[in-house]
Amino acid sequence: MKSKNLAKIMIILITALFLLGCAQTQNITEEKEDLVIGSILPLSGDAAPYGIPLQQVAEFAVTEINNEGGIDGKNLAIVYENGDCSAKGGSSAAQKLISIDEVNVILGGLCSGETLGAAPIAEESQVILFSSASGSPDITESGEFIFRNFPSDASSGSKVAKQALANSHSNIAILSEQTDYAQAVKNVFKNTLLTDGGSVVLDEQFTADTTDFRTPLAKIKSADPDAIYLIAQTPAKLGLVLKQLRELNMDQQIYTNEFAAAEEILESYREEIEGAIFAEPAFDENSPNTAELISRLKAEYGDSVTAVPTVYLATTYDAVYLIKDALENCGEDTECIKTFLYSIKDRSGTAGKLSIDDNGDAEFEYEVKMIQDGQTAVII
Amino acid sequence: MIAPYIFNILILICIYVILATSLNFALGYTGLLNLGHIAFFGIGAYASVLLVQAGIPYIIALPAAGVIAGFFGFLLILATRKIKGDYLALVTLGFSFVIHSVLLNWTSVTRGPLGIPGIPKPSILGFTISSGFIYFIFALIIAFITWFILNKIVNSPFGRLMQATRDDELGLRVLGKNTSMIKTKVLIISAFFAGIAGSLFAHHITFIDPASFSLQEIILVLTIVIVGGLASLRGSIFATIIILVIPEILRFLSLPGTIVGPARNMIYAVILVAILLWRPRGLFGRVDLN
């Protein structure tokens, strides 16, 4: 009987909470006339450490905009939905934002799965889906109303492959993580390398939960490549691979991605990462704009916000402002917003200059960099 | 404008009803603690999409997805027919990891972790199901057929044999019944319907990747079956509705933006715990899991 009563009390409490919630929602909509946009981010689960800082950045930008008078006298407001980092979550979230909240612009998602799940629904309802963090090359083709100000994963791979060949490293061993991001970058790297006359001596992969890389590394060692291309999903994983690689006395040239420049790597794996070559969008986190944004974010939300690579924070911040400009120009007419976004050329923001191409993708200038004395140095 | 949102939830409910009732068919009625069910779901999804992309009409791809999943069900039971209980749970869990690994690694066919985007909506005899309402009717019909067939089987003499296999396998064998044949048939049927659900899922979401068929999804389906109660198809249907609708209701709970993700999950968990405290055997459960 006791547990029965407990359960009843819980259910009553929850119902009360729910009704309270409903009442609050009504009040808010009645009081103010807001311009409401939606946002899909992973707010729970494994990807939440990325999703929550991006949500904070978006809120930060919204507060700024509203403090400066909002958009045509109206306040901007974002309704957040959890995309759960999955296609199913992204699609349900988009469906809810479009049908219930009747938004015309959605900021998100973060995980490529979320964006690809939401894209068909946004496209069908002619709602703008603007991702500031998804890199999958498949998003390029996913529709007219789908945009991003984040570079496609495809770009970095080809740049690094060309650099490797220029350094006359033509026999390359690849070690990559089995995730959508890492595989997309790797595929482009491999294709560019093979087309331009290089060869891949070994193509090894590891799953996301691997922590011991000695077996694939030993295979790579015995294959004796000119250089090694390492692609991991997170800086922490990259560091772990590097450490084990150096423990095996392998001193080949390392090619990798922008995680080489992550604070975590430069601090904890300073010796291991020395000399590594990678490509990243021409994005200068020490530029006055970006540095100011980061310091203000840190002051507002603490250090946890910078657990995310700075470029994501900057692109998300810019995305909110871009959406603001679009809404100011067009109101909520999505056809007009679409045309407006396609016409963006050389717009400066905290993430550098942005141009949007015919596919709704960001055209990013890529720079090839090298780690020298624990610092990044541009080589091309 | 509210309609597409409601239909999306209804379609997902139909898909998970198929998935949960077919799992309950093996788990609740026959006592096969099968944690590989989600693998059949994934096999069905990939099979259907790959067949449609190869130019096979959807009307053939849909049952083919079921048959292919059923064939893997046969392979699984072939390997596991001598083990039961916790051991079976472990081996079948292993099976779903194997399938997940294959989906990740067989990149030439499945595109690996990149997944398959842009899956077309089903087209039957020249008619494309594009609207949410028609897709819902289509999924509802299939869910109803699934329930009808499974319900017929569990209430037939064969259904009683299934339950006897669960309660006293040795006794049944003493009576001269071939229990491994019973288990084989049950798992094939169960896998068949999971495959059908997979096909409906893939063409509804229009994007699949191996992560859509991961451990988290097994837990969701298992939760539905346990909350609904073992050996109760009606329970599984009610539980699917509850478990899929609660998170949607929680979307309307106005919470401060920054805690919305974790808070919803906590409330969701509390509700599930409350249901199981109130009804330890699930809503309509008739047997205990041992």
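What follows draws every value from the coordinates through simple rules; no lab data is involved. For clarity, every value in this text was computed on a predicted model and none was experimentally measured. Reconstructed Cβ throughout: ideal geometry from the backbone, glycine too, with neighbour counts over all protein chains shown.
Using just the Cα positions, wrap region B:116-229 in a convex hull and report its mean projected area in square nanometres, one decimal place.
That works out to 9.5 nm², a quarter of the Cα hull's surface.
Which of A:164, A:94, A:236 ends up with the largest GNM mean-square fluctuation for chain A, with Cα atoms connected below 10 Å? Between A:164, A:94, A:236, it is A:236 that shows the largest mean-square fluctuation.
If you count Lys pairs in region B:2-213 whose Cα atoms are under 18 Å apart, skipping same-chain pairs closer than 8 places in sequence, the total is 9. Classify the protein assembly as shown as rounded, prolate or oblate from the Cα gyration tensor: take a ≥ b ≥ c as the square roots of its eigenvalues, call it rounded if a/c is under 1.5, otherwise prolate when a/b beats b/c and oblate if not. Because a/c hits 1.5 or more and a/b fails to exceed b/c, the protein assembly as shown counts as oblate. Bridging of residue A:74 to lysines at a Cα separation below 30 Å is possible for A:32, A:96, A:298, A:324, A:338, A:345, A:353, once same-chain residues fewer than 8 apart are set aside.
Computed from label points 7 Å out along Cα-Cβ, the spacing between residue A:274 and residue A:303 is 2.6 nm. In a simple Cβ point-charge model (Lys, Arg +1; Asp, Glu -1; nothing else charged), chain A has a dipole of about 1140 debye relative to its Cα centre. Classify region A:161-279 from the C-alpha gyration tensor, please: rounded if a/c falls under 1.5, else prolate or oblate depending on whether a/b exceeds b/c. Taking the square roots of the gyration eigenvalues as a ≥ b ≥ c, region A:161-279 is rounded. For chain A, taking Cα atoms only, Rg and Dmax work out to 22.7, 77 Å respectively.
Entry note, region B:2-213: relative contact order of 46 percent, from Cα contacts under 8 Å with a spacing of 6+ residues. Long hydrophobic helices in chain A, taken as whole DSSP H segments with a C-alpha length of 15 Å or more on their own axis and mean Kyte-Doolittle hydropathy at least 0.5: A:2-31.
Largest GNM mean-square fluctuation among A:92, A:170, A:348, using chain A with Cα springs under 10 Å: A:348. Toward the positive end of the charge dipole of the protein assembly as shown, with +1 on the Cβ of Lys and Arg and -1 on the Cβ of Asp and Glu, the farthest Cα among B:141, B:95, B:287 is that of B:287.
Between residue A:284 and residue A:141, the simple label model (points 7 Å from Cα in the Cβ direction) yields a spacing of 3.8 nm.
By the count of other C-beta atoms within 10 Å, a proxy for reagent exposure, A:84, A:361, B:86, B:168 are ordered fewest to most as B:86, B:168, A:361, A:84. Dipole magnitude for the protein assembly as shown: computed about the Cα centre from +1 point charges on Lys and Arg Cβ and -1 point charges on Asp and Glu Cβ, it is near 4320 debye.
A simple count of charges around residue B:190, restricted to other residues whose Cβ falls under 14 Å of its Cβ and scoring Lys, Arg +1 and Asp, Glu -1, yields +3.
The alpha carbon gyration tensor of region A:98-184 gives principal lengths a ≥ b ≥ c with a/c of 1.5 or higher and a/b greater than b/c, which makes the shape prolate. Using every pair of separate Cα atoms, the Kirkwood estimate puts the hydrodynamic radius of region B:2-213 at 17.6 angstrom. With springs only between Cα atoms under 10 Å apart, run a GNM on chain B and tell me which of B:93, B:172, B:140 wobbles the most. In this elastic network of chain B, the residue with the biggest mean-square fluctuation among B:93, B:172, B:140 is B:172. Annotation note: GluC sites (Glu not before Pro) in region A:111-185 located in DSSP loop regions with a Cβ neighbour count of at most 16 within 10 Å are A:144.
If you take all other residues with their beta carbon under 13 Å from the beta carbon of residue B:113, and give Lys and Arg +1 and Asp and Glu -1, the sum is -3.
Given only helices, namely DSSP H runs of n ≥ 4 each adding -39500 (n - 2.57), what is the per-residue ellipticity at 222 nm of chain A, to the nearest 500 deg cm²/dmol?
-15500 deg cm²/dmol
In straight-distance terms, cross-link reach from residue A:190 covers every one of the lysines whose alpha-carbon lies under 26 Å from its own, apart from those fewer than eight places away in the same chain; here that gives A:159, A:162, A:219, A:221, A:237, A:243, A:369. Remark: region B:2-213 carries a charge dipole of roughly 440 debye about the Cα centre, counting +1 on each Lys and Arg Cβ and -1 on each Asp and Glu Cβ.
Helical runs assigned H by DSSP (4 residues or longer) give chain B a calculated mean residue ellipticity at 222 nm of -23500 deg cm²/dmol, each run adding -39500 (n - 2.57) before division by the residue total. Taking the centroid of alpha carbons for each part, region A:51-104 and region A:184-260 are 38 Å apart.
Peptide B:107-119 has a mean shielding of 6, counted as Cβ atoms of other protein chains within 10 Å of each residue's Cβ. Look at the dipole of chain B built from charges on Cβ: of B:120, B:176, B:6, the Cα furthest out on the positive end belongs to B:176. The GluC sites (Glu not before Pro) found in region A:324-377 that occupy coil by DSSP, while having at most 12 further C-beta atoms within 10 Å, are A:365.
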